[in-house]
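Reading through the structure tokens given below for one structure.
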Amino acid sequence: MDAQKFVIRQISIFSENRPGRLASIAQALGEENVNILAFSIAEANGFGVVRALVDHPEKAYEKLTSCGFNVAFTDVIAVQMKDKPGGLFEIAKVLGDAGVNIEYSYAYSGKKAAVLILRVDHIDDAIEKIQKSGATLLERSIFH
Amino acid sequence: MRCWDPRIEEMSKEDLQKMQYKLLKSLVYRLYSFSPFYHDRMKKQNVHPDDIRELSDVKKLPFMFKRDLRDNYPDKIFTASQEELVRYHVSSGTTGKPTVVAYTQNDLNTWTTSLARGLTSIGLGRGDVIQVSYGYGLFTGGLGMHYGAERIGATVLPTSVGNTERQIELMQDLGATAIACTPSYLLHIGEVAEKMGVNIKTDTKLRTGILGAEPWTDGMRIRIQDWLGIRAYDIYGTSELSGPMFTECAEQKGFHVWSDIALVEVIDPKTEEPLEPGEKGELTITILQKEALPMIRYRIGDISSMTDEVCACGRTHPRIQRITGRVDDMLIIRGINVFPSQIEYALMGIPEVGQHFQIVVERTGALDDMLVRVELNKESFSDKITDLMQIRSKVEHRIKNALNVAVAVELVEPGSLPRFEGKSKKVIDKRSL
Ligand SMILES: [Zn+2]
């Protein structure tokens with residue numbers, strides 16, 4: 001099975017909690033015509049991590065690195081959510097039963113339905129279980 | 001390990017202290033009677049030579065500072081006439097006005113004896129070829145080491161500083177077994193030798209480095225020893241004390257300060273009270289045998305601690321640990337003395353963060369808050385907040401262990417901290433005291 005096509009490259013950017021950091025990230029990507037498809041900000045006291053799905057991750061990586069940002073690639077998966085309450089719980093249960101830990105997740109509104117982005121500790125297992133459960137995984141080609 | 005002068009070097013602590021007391025007493029009487037400068041100082045402090053009744057009474061005596069030498073430029077506080085002087089050395093000083101130190105023949109002898117003991121304690125002697133790559137001239141390093149090395153019967157190769165390729169050729173051709181220079185110059189020699197295709201380990205007889213005149217760390221010692229295949233020893237001194245004076249022994253556990261030559265105190269720079277052995281404070285030295293320019297309770301400004309335990313080498317004289325900072329850099333956080341260099345050492349052991357840091361001190365209510373900003377290394381960036389928080393608490397923990405003060409750590413982007421030396425850029429003190 002070609003599970004790899006469901007592995008999506010997210011870029012993660014370390015950011016100090018300083019005014020204007022997010023704007024500089026957006027501006028840098030804009031200059032390279034890189035589109036941000038989804039993003040989230042995780043904050044701790046004093047610093048944060050900006051996570052983004054973009055259409056050209058390599059280009060984004062290079063540009064942000066050259067601007068002095070600390071950037072890393074992270075493999076994530078994207079699950080199309082059923083448009084009904086309890087969708088997130090179902091996914092969490094499927095993964096939990098399989099012993100896969102969700103390290104973090106965030107959602108965005110896709111064209112048809114809400115999409116859940118997940119970072120998990122065992123990505124191959126997660127892909128397999130989610131597919132078996134009947135939920136829809138989005139392919140990498142949709143993003144980039 | 002053999003001694004240059006076993007009678008003194010292995011004398012019981014009790015006898016040493018008796019000797020120190022006698023020397024101190026006669027020094028104070030002499031200065032009170034013959035030196036207008038010291039006489040005035042002691043009057044001002046309301047202390048008379050008769051008040052010195054035991055060794056610990058040294059703390060009744062007034063301090064001396066670098067500025068006393070500057071203010072009395074060039075020779076106003078010398079206690080010997082020019083006819084009695086056999087040498088001058090001059091240090092330029094960072095603040096502009098130079099300071100002059102002067103020596104009688106006895107002063108040079110004391111200085112040389114001090115070094116002869118030190119060099120012998122690290123196993124050097126007849127048959128050794130000692131390359132002196134400290135500067136010769138107004139600086140005390142070159143000539144001081146030169147006379148010390150000759151005194152123990154070693155052959156001196158007086159290369160001074162510079163022309164590094166020639167230094168390396170001579171080191172090989174004349175079989176230098178030891179080199180005396182600054183640690184950074186030795187690193188430079190190592191690099192130039194590599195470029196010349198000379199392996200110091202296998203192509204030279206070099207086995208010993210006597211390194212000083214600038215601060216260095218144990219990390220540098222390990223690096224130098226492994227890389228060049230030598231044993232590297234710390235040497236300490238300033239021109240006000242004569243010059244390079246005290247070296248580590250073969251144990252490499254701090255330099256021995258010869259009690260018959262110098263009385264060393266470690267004091268809290270703020271309260272000026274003496275500290276216990278092992279506690280870090282400002283080195284304050286009284287040179288017990290000096291004719292031309294006596295120094296009493298001279299506040300050197302260097303920070304370290306003292307050990308009074310008998311050394312494994314058998315010598316009874318106290319040892320001073322490697323210098324870890326300057327008083328000028330000291331911060332007082334919640335009543336505890338903190339030196340930026342301690343943070344530097346703590347960060348060295350943490351691969352996840354860089355070596356650059358910035359300290360921000362603020363006062364919230366009655367308490368000082370100290371924030372240390374460090375750069376997260378590129379390789380250590382994880383996009384999991386919990387990993388980053390773990391790195392942060394690791395850094396906080398290490399710094400707290402080093403300083404005994406709780407600090408908050410802020411992880412910042414790599415390359416974002418200013419790359420400058422010196423307190424002004426590394427420490428931002430927002431307290432209005
Ligand atoms: Zn010793």
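Going by the conditions given, is B:Leu371 touching a strand residue (DSSP E or B) at 6+ places or on another chain (Cβ under 7 Å), under 23 Å from B:Lys280 (Cα atoms) and within 11 Å of another protein chain (Cβ to nearest Cβ)? Yes, satisfied. For the stretch B:215-233, how many residues meet the condition of being in a helix (DSSP H, G or I) and open to solvent by 20 Å² or more (accessible area, probe 1.4 Å)? Here the count works out to 8. B:Ile391 - would you say it is within 27 Å of A:Arg51 (Cα to Cα) and within 11 Å of chain A (Cβ to nearest Cβ)? Considered against the rule, which asks whether it is within 27 Å of A:Arg51 (Cα to Cα) and within 11 Å of chain A (Cβ to nearest Cβ), B:Ile391 comes out as yes.
Within the stretch A:1-35, being of a type in the set (D, E, K, R) and more than 14 Å from chain B (Cβ to nearest Cβ) holds for A:Asp2, A:Lys5, A:Glu31, A:Glu32.
Would you call B:Lys22 touching a strand residue (DSSP E or B) at 6+ places or on another chain (Cβ under 7 Å), in a helix (DSSP H, G or I) and not hydrophobic (A, V, I, L, M, F, W, C)?
no
The criterion of being within 19 Å of B:Tyr233 (Cβ to Cβ) and in contact with a helix residue (DSSP H, G or I) (Cβ under 9 Å, 6 or more places away or on another chain) holds for B:Ser114. Within the stretch B:124-132, one or more residues are closer than 30 Å to B:Arg166 by Cα, assigned by TED's automatic domain parsing to the domain that holds B:Tyr236, touching a strand residue (DSSP E or B) at 6+ places or on another chain (Cβ under 9 Å) and of a type in the set (Asp, Glu). Applying the condition of being part of a strand (DSSP E or B) and among the small types (Gly, Ala, Ser) to the stretch A:108-144 and asking which residue is most open to solvent (accessible area, probe 1.4 Å) yields A:Ser109. Summed over the stretch B:308-338, residues that are in a strand (DSSP E or B) and among the small types (Gly, Ala, Ser) total 1.
Scanning the stretch B:374-385 for residues that are open to solvent by 40 Å² or more (accessible area, probe 1.4 Å) and facing chain A (nearest Cβ under 8 Å) gives B:Lys378, B:Lys384. For the stretch B:308-338, the set of residues classified as aliphatic (A, V, I, L, M), open to solvent by less than 10 Å² (accessible area, probe 1.4 Å) and within 16 Å of the ligand (Cβ to nearest atom) consists of B:Ile320 only.
Of the residues B:Lys18, B:Lys22, B:Lys97, B:Lys44, the single one that is surrounded by fewer than 14 Cβ atoms within 10 Å (Cβ to Cβ) and in contact with a Lys or Arg (Cβ under 6 Å, 6 or more places away or on another chain) is B:Lys97. Taking the listed residues A:Ala135, A:Ala60, A:Ala126, A:Ala44, the one that is closer than 17 Å to A:Val7 by Cα, of a type in the set (Gly, Ala, Ser) and in contact with a Leu (Cβ under 8 Å, 6 or more places away or on another chain) is A:Ala126, with no other qualifying. Restricting the first member to the stretch B:15-37 and to residues that are on the phi < 0 side of the Ramachandran plot, and the second to residues that are open to solvent by less than 40 Å² (accessible area, probe 1.4 Å) and charged (D, E, K, R), the beta-carbon pairs closer than 6 Å and six or more apart or on different chains are B:Met19/B:Asp260.
Out of all the residues in the stretch B:339-368, which are within 14 Å of chain A (Cβ to nearest Cβ), more than 21 Å from A:Thr65 (Cα to Cα) and crowded, with 18+ Cβ neighbours inside 10 Å? Answer for the stretch B:339-368, where residues must be within 14 Å of chain A (Cβ to nearest Cβ), more than 21 Å from A:Thr65 (Cα to Cα) and crowded, with 18+ Cβ neighbours inside 10 Å: just B:Gln358. Restricted to the stretch B:339-433, the set of strands (runs of 3 or more DSSP E) holding at least 2 residues that are aliphatic (A, V, I, L, M) and under 25 Å from A:Tyr61 (Cβ atoms) comprises B:367-376, B:408-412.
Table: residues versus (1) open to solvent by less than 30 Å² (accessible area, probe 1.4 Å); (2) modelled with pLDDT under 95.
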{"position": "B:Thr155", "(1), (2)": "no, no"}
{"position": "B:Gln167", "(1), (2)": "yes, no"}
{"position": "B:Gln172", "(1), (2)": "no, no"}
{"position": "B:Ala180", "(1), (2)": "yes, no"}
{"position": "B:Gly190", "(1), (2)": "yes, yes"}
{"position": "B:Leu206", "(1), (2)": "yes, no"}
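Cβ separations smaller than 6 Å between residues 6+ apart or across chains give the following pairs from the stretch B:1-12 residues that are open to solvent by 100 Å² or more (accessible area, probe 1.4 Å) to residues that are within 14 Å of the ligand (Cβ to nearest atom) and aliphatic (A, V, I, L, M): B:Met1/B:Ala250. Take the residues of the stretch B:237-250 that are over 15 Å from B:His317 (Cα atoms) and within 10 Å of the chain's Cα centre (by Cα): which is surrounded by the fewest Cβ atoms within 10 Å (Cβ to Cβ)? Out of the qualifying residues, it is B:Thr238. Only one entry in A:Leu53, A:Leu95, A:Leu64 is outside the structural domain of A:Ile13 (by TED's automatic domain parsing) and among the hydrophobic types (A, V, I, L, M, F, W, C), namely A:Leu95.
The values are calculated or read from the model by the stated rules, or taken from the named source; none is laboratory data. What you see is a predicted model; the values in this text were computed from it and never measured. Cβ coordinates were reconstructed from backbone atoms using ideal geometry, including for glycine residues, and neighbour counts include every protein chain displayed. Surface accessibility is based on the protein's heavy atoms, side chains included, excluding ligands, DNA and RNA. Shrake-Rupley method; radii C 1.70, N 1.55, O 1.52, S 1.80 Å.
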